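Peer 1: Shown below is the structure under consideration.
The values are calculated or read from the model by the stated rules, or taken from the named source; none is laboratory data. Bear in mind that the values here come from a model prediction, so they are computed numbers and not experimental data. Positions of Cβ are backbone-derived with ideal geometry, glycine not excepted, and every protein chain shown enters the neighbour counts.
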Amino acid sequence: MTPLLFWGDTMRRVIRQGDVILRELEEEGGSRTGFHEADRIEIGGETGNTHVIRPISGKVLFNDETGVVVVTEKAEIVHPEHRRIVIPRGRWLLTRVRQWTGARGSRSYAAD
């Protein structure tokens, strides 16, 4: 089951696998400018293992500048140290967990 998160008056799904987070965006609207079709999106991890988003059916579109992923039907995110998660159709914002060390706003990606 995909966890749900409320902000404002709307309900959005959130998918998390280790230090990778996908937050559902509004389905409607949004330009497709800057998107390219991706057979796989690789998100490097601090431990040397890579999270991979790939289509199961349909297409996965990705915008490198904004981090937005569009799944036209169904995709999955896989990683050798985590269970496989199915990503349903929609627009998703791809982010990673960051940690602040307290050293003058110094930040880094959290180790998975």
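Peer 1: Could you check how many residues of segment 42-78 are farther than 18 Å from Glu24 by Cα, without any contact (Cβ under 8 Å) to a residue 60 or more places away in the chain and of a type in the set (S, T, N, Q)?
Peer 2: Result for segment 42-78: 2.
Peer 1: Among residues belonging to segment 41-60 that are modelled with pLDDT under 95 and more than 12 Å from the chain's Cα centre (by Cα), point out the one that is nearest to Ile87 (Cα to Cα).
Peer 2: So the residue we want is Thr50.
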